[in-house]
Amino acid sequence: YAFPPEVEADAASLNTELDASEIARRRDFRDVLTFTIDPADAKDFDDALSFKTLPNGNVEVGVHIADVTHYVRPGSALEREAYERATSVYLVDRVVPMLPEVLSNHVCSLRPNEDKFTFSAVFEMTPEAEVVDRWFGRTVIHSQRRLAYEEAQAVLEGADDPLASPLRAMNKMAQTLRAKRMKNGAIAFDRAEIKFKLDEHNKPLGAFLKVALDANKLIEEFMLLANKYVALFAGKDSKPPKTFVYRIHDVPSLEKFGVFADFVKQFGYELRASTPQQVAGQLNKMLQDSKLKNYGSMLETLAVRTMAKAEYSCDNIGHYGLAFDFYSHFTSPIRRYPDVMAHRLLQIYLDGSPSQAKKLYDEQCEHCSEREKLASDAERESIKYKQVEYLKAHLGETFEATISGLTEWGIYAEIIENKCEGMIN
């Protein structure tokens, strides 16, 4: 988790003051209501939302993203290290960041009550969540409030708060956006995250499931909106389409889906699908029905395994799981290098420059996809390790579990309350 000395030196030499001449070149949102919603223990805030009611009855929603590319410049030691890492790695008891702490937790982080440089996607929307106009560009913001997901959720459920009106209006819009995605064929994988309570020595005291609530989904939908429209700008609105970094997700193998369909028959589900759109519709129906049953988690896990893996590419094929024809990653440049690439390309095209050479970006997309897979594997192994560490203290105890897999050498079982999995032979 240590950075090379030249990278730390590069980070330490950055001018962290907001230059007046640079502010003058940007669209100023500092007087607009702006806030962040993140996990309670988050240290880096790379996205903020702004909200303003317009005279015509529509609303202006700003999705403001940390302007990492203002500080991390091509050719610098910071740039080379960020590209090599390509992603932050979130292990159970630590984070291995893509950028040094001075950037990720301070300079770029959209902390409350501080002016910050951002790259923004700003939408004029009807109260029914129809986008009637959009704008992209560099901005300066001032977040007036930092909310934890739990605080925001309490407000959405009726708690009194100065942000109650905008939060509830945005939540209604987010629900509309989500419903539209589902209608268009998005797949509703709402998998609970496994979280651990750790002691001061990072030993697990308990494992629990963290379920995404409306506050989480509010943020998710507006991030998806920004990612979608940035990709549309480069890939559809530009004539001809320009080289860009897409987040792609291929349609599932109908052969794999057929094997899965055979398996779920024993639970009373008939999945007959001849097109990818039918696959999505039938999967959603099954996932919704099985959610409250003790085998629902297992079916969701197996359904995920029938899916293709999402990756980065300059060759756009759309994102099947989200039901988007155009999709990119723009909203997390503190922790993902492809978002840094997207920011740079977007600015190049906003400046009116021609499409960039594709070969370099193809290579970078392949590198980032490989690094993401390594990070994902490490994160999964980290969870498994902590689960085993936690269960060591419970040898001899009995837990309720469901069968999660079956092989010729034994049965895999998953403990219901904490998702710890093991083999019985």
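The set of residues in segment 31-46 that are open to solvent by less than 70 Å² (accessible area, probe 1.4 Å) and either part of a loop (DSSP other than H, G, I, E, B) or of a type in the set (V, I, T) (or both) comprises V32, L33, T34, T36, I37, P39, A40, A42, D44, F45, D46.
Evaluation of Y83 against the conditions (1) surrounded by fewer than 18 Cβ atoms within 10 Å (Cβ to Cβ); (2) of a type in the set (S, T, Y); (3) within 24 Å of S13 (Cα to Cα) shows that the sole unmet condition is (1). Here N171 meets the list (1) touching a Lys or Arg at 6+ places or on another chain (Cβ under 9 Å); (2) part of a loop (DSSP other than H, G, I, E, B); (3) within 25 Å of L287 (Cα to Cα) almost entirely, failing just condition (2).
Within segment 173-184, how many residues turn out to be open to solvent by less than 20 Å² (accessible area, probe 1.4 Å) and either small (G, A, S) or free of Cβ contacts under 8 Å to residues at least 24 places away in the same chain (or both)?
Residues that pass the stated criteria total 1.
Within segment 316-353, being among the aliphatic types (A, V, I, L, M) and open to solvent by 20 Å² or more (accessible area, probe 1.4 Å) holds for I317, L322, A323, I348, L350. In this entry, F244 is excluded by the filter for residues that are over 30 Å from H394 (Cα atoms), under 26 Å from the mean Cα position of the chain (by Cα) and in a helix (DSSP H, G or I).
For segment 366-382, which positions are open to solvent by 30 Å² or more (accessible area, probe 1.4 Å) and either among the basic types (K, R) or closer than 15 Å to S88 by Cβ (or both)?
Taking segment 366-382 as the starting set, the residues that turn out to be open to solvent by 30 Å² or more (accessible area, probe 1.4 Å) are 366-367, 370-374, 376-381.
Matches in segment 366-382: R371, E372, K373, L374, S376, D377, A378, E379, R380.
Please verify whether N227 is part of a helix (DSSP H, G or I), under 28 Å from Y90 (Cβ atoms), touching a Phe, Trp or Tyr at 6+ places or on another chain (Cβ under 7 Å) and open to solvent by 30 Å² or more (accessible area, probe 1.4 Å), treating the condition exactly as stated. Judged against the criteria, N227 is not a match. Of the residues making up segment 396-412, just one is exposed (fewer than 10 other Cβ atoms within 10 Å of the Cβ) and among the small types (G, A, S), namely G396.
Quick check, is E255 assigned to a loop (DSSP other than H, G, I, E, B), among the acidic types (D, E), over 21 Å from T402 (Cβ atoms) and over 18 Å from the mean Cα position of the chain (by Cα)? Even if it seems obvious, please write down each step before you answer.
Working: assigned to a loop (DSSP other than H, G, I, E, B): no; among the acidic types (D, E): yes; over 21 Å from T402 (Cβ atoms): yes; over 18 Å from the mean Cα position of the chain (by Cα): yes.
Against the criterion (assigned to a loop (DSSP other than H, G, I, E, B), among the acidic types (D, E), over 21 Å from T402 (Cβ atoms) and over 18 Å from the mean Cα position of the chain (by Cα)), E255 does not qualify.
Selection of segment 192-224 for residues being assigned to a loop (DSSP other than H, G, I, E, B) and either surrounded by 14 or more Cβ atoms within 10 Å (Cβ to Cβ) or of a type in the set (V, I, T) (or both) yields K203, V211, A212, L213. Within segment 108-128, the set of residues being open to solvent by less than 60 Å² (accessible area, probe 1.4 Å) and either at pLDDT below 95 or small (G, A, S) (or both) comprises S109, S120, A121. Cβ separations smaller than 9 Å between residues 6+ apart or across chains give the following pairs from segment 239-268 residues that are within 14 Å of V304 (Cα to Cα) to residues that are polar (S, T, N, Q) and in a helix (DSSP H, G or I): P252/T306; S253/T306; K256/T306; F257/T306; V259/T306; F260/T306; A261/Q282; V264/S290. In summary, strands (runs of 3 or more DSSP E) completely within segment 95-159 and bearing 3 or more residues that are within 30 Å of F233 (Cα to Cα) and not polar (S, T, N, Q) occur at 115-125, 131-142. When we screen T16, T87, T36 for residues that are hydroxyl-bearing (S, T, Y) and touching a Leu at 6+ places or on another chain (Cβ under 7 Å), the only hit is T36.
Residue-wise test of (1) at pLDDT 95 or above; (2) under 21 Å from L78 (Cα atoms); (3) not aliphatic (A, V, I, L, M).
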{"site": "T331", "(1), (2), (3)": "yes, yes, yes"}
{"site": "R336", "(1), (2), (3)": "yes, yes, yes"}
{"site": "R344", "(1), (2), (3)": "yes, yes, yes"}
{"site": "S369", "(1), (2), (3)": "yes, yes, yes"}
{"site": "E379", "(1), (2), (3)": "yes, no, yes"}
{"site": "Y412", "(1), (2), (3)": "no, no, yes"}
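Of the listed requirements (1) part of a helix (DSSP H, G or I); (2) under 22 Å from L177 (Cβ atoms); (3) in contact with a helix residue (DSSP H, G or I) (Cβ under 6 Å, 6 or more places away or on another chain); (4) not charged (D, E, K, R), F326 misses just one: (1).
Among residues of segment 149-166 being open to solvent by 10 Å² or more (accessible area, probe 1.4 Å) and under 23 Å from the mean Cα position of the chain (by Cα), the one that is nearest to G62 (Cα to Cα) is P166.
The values are calculated or read from the model by the stated rules, or taken from the named source; none is laboratory data. Predicted model, so just to flag it, every value in this text is computed and none were measured. Because the Cβ atoms are built from the backbone with ideal geometry, glycine has one as well, and the counts that use them run over all protein chains shown. We work out accessible area using only protein heavy atoms, side chains counted, and drop any ligands, DNA or RNA first. Shrake-Rupley method; radii C 1.70, N 1.55, O 1.52, S 1.80 Å.
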